[in-house]
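Values quoted throughout were computed directly from the atomic coordinates according to the rules given, and no laboratory measurement underlies them. Note that the structure is predicted; figures quoted are calculated from it, not measured. Using ideal geometry, Cβ is built from the backbone for each residue, glycine included, and neighbour counts are taken over all protein chains shown.
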């Protein structure tokens, strides 16, 4: 409670003492005085119901952000926007329906923010911006060990691969393009095998940063790519 605000409801109020029950199972008791009243604020509806984009939260503090993420997580909504940034919470379970071909098709037809948050929406925005801005695009994936960075990278590659295969007709060029995409996706686990280590979070935590570069033709299909690894050293 001293570190940040937590969502709570009043359990009882009598004799100048107020008892709060938090949504996380904690109980706090306060005497009604000027100091305690300064530490209690009514929640805005945006915090109570949760929002897809935390840039629209009216309660601007760490507690509201963490509560929104927790609320969406319990609803199996693992993705949340912060403007054009995507916050992903590792569900530690397979959500296959979230990443199937239907999802790829759906997000390829909408702009960022038009439908619920998804990593495919970020990948689609990146892919479309290649032609809209005629400039290189970059997606930065960051997070602590076990957060799901490697899986997020695979999802982006899967989406870009699907877009690449849709960009040209069934031909020798397409089959060659598909081979390049498969080589990049399948080489990722091999590269990771040289730099993974067991941690308290998971058994295959990456010990390095990875830079994946894809080259697209004017038709929108992948022509080539490369993976560059940068070994990370622990702080001494």
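Here the residues 4, 118, ranked from fewest to most Cβ neighbours within 10 Å of their Cβ, fall in the order 4, 118. A full extension of the chain between residue 73 and residue 114 corresponds to an added length of 12.7 nm, given 0.36 nm per residue minus the alpha carbon distance. Full extension of the segment from residue 39 to residue 218, taken as 0.36 nm per residue of separation minus the current Cα-Cα distance, would add 58.7 nm.
I need the calculated FRET efficiency for the pair residue 137 and residue 61, taking r as the beta carbon distance and R₀ as 41 Å, to the nearest 0.05. That gives a FRET efficiency of 0.80.
What is the spin-label model distance, in nm, from residue 230 to residue 17 if the labels are put 7 Å beyond Cα along the C-beta direction? In this crude spin-label approximation the distance works out to 5.7 nm. Each of 28, 120 was scored by other Cβ atoms within 10 Å of its Cβ. Listed from fewest to most, they are 28, 120.
Cβ crowding within 10 Å, taken as a proxy for footprinting-reagent exposure, orders 126, 138 from fewest neighbours to most as 138, 126. Here the simple spin-label model places points 7 Å from the Cα toward Cβ, and for residue 27 and residue 105 these points are separated by 5.4 nm. With 0.36 nm allotted per residue and the present C-alpha distance subtracted, the residue 144-residue 186 stretch has 12.7 nm of extension available.
Treating r as the C-beta distance of residue 87 and residue 128 and R0 as 25 Å, the FRET efficiency rounds to 0.70.
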